[in-house]
1. For the range 32-57, which positions are over 11 Å from the mean Cα position of the chain (by Cα), under 13 Å from GLU17 (Cβ atoms) and assigned to a loop (DSSP other than H, G, I, E, B)?
2. Evaluate the range 41-50: report whether one residue or more is surrounded by fewer than 14 Cβ atoms within 10 Å (Cβ to Cβ) and at negative phi.
3. Based on what the data block shows, is GLU82 under 22 Å from PRO2 (Cβ atoms) and of a type in the set (Asp, Glu)?
4. Of the conditions (1) surrounded by 14 or more Cβ atoms within 10 Å (Cβ to Cβ); (2) out of contact with any Pro (no Cβ under 7 Å at 6 or more places or on another chain); (3) not hydrophobic (A, V, I, L, M, F, W, C), THR111 clears all except one; give me its number.
5. Taking the range 66-101 only, how many residues are assigned to a loop (DSSP other than H, G, I, E, B) and either under 14 Å from the mean Cα position of the chain (by Cα) or within 16 Å of LYS19 (Cα to Cα) (or both)?
Amino acid sequence: MPQETTLGALKDIPDNEAKEYEIEHDDETVEVFVVRKGANFFGYVNYCPHAGTPLNWSIDRFMTLDKKYILCATHGAEFRIEDGQCISGPCVGDCLAPLDLRLENGQLVLTHPE
């Protein structure tokens, strides 16, 4: 059976914002984050496919000023919230690594990849 981690309550993430989490996977700590858009949520590994660095510049700061895109603080690449596709910057065409998330009793539950 796949490993699962409960990240926390969806209500703890403000609308059009993101929250980061650390999870344990294969004996390593992995940084991930979840973006909330109303009742929808989208999760990704906190890793820029171009720079190889975390995306955020400070705790829970992943969004562009207008809250329309995920922003890489290292080089300004912008990623669509809904699918993690890079739409501007040096990694156009690359994607963030998505998370397998579901909502269970108001809690975000991550199913780890095998």
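Only the coordinates and a few stated rules stand behind these numbers; no lab work does. Computed from a prediction, not measured in an experiment: that's the story for all the values here. Cβ placement follows ideal geometry from the backbone for every residue including glycine, while neighbour counts extend to all protein chains displayed.
1. Answer for the range 32-57, where residues must be over 11 Å from the mean Cα position of the chain (by Cα), under 13 Å from GLU17 (Cβ atoms) and assigned to a loop (DSSP other than H, G, I, E, B): just GLY38.
2. No: the range 41-50 contains no residue that is surrounded by fewer than 14 Cβ atoms within 10 Å (Cβ to Cβ) and at negative phi.
3. Numbers: under 22 Å from PRO2 (Cβ atoms): no; of a type in the set (Asp, Glu): yes.
The answer is no for GLU82.
4. (2)
5. 11
A quick yes/no check of all residues on (1) under 17 Å from ARG36 (Cβ atoms); (2) in contact (Cβ under 8 Å) with a residue 40 or more places away in the chain; (3) not hydroxyl-bearing (Ser, Thr, Tyr):
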residue: PHE62; (1), (2), (3): yes, yes, yes
residue: LEU65; (1), (2), (3): no, no, yes
residue: LYS68; (1), (2), (3): yes, no, yes
residue: CYS72; (1), (2), (3): no, no, yes
residue: PHE79; (1), (2), (3): yes, no, yes
residue: GLU82; (1), (2), (3): yes, yes, yes
residue: CYS91; (1), (2), (3): no, yes, yes
residue: THR111; (1), (2), (3): no, yes, no
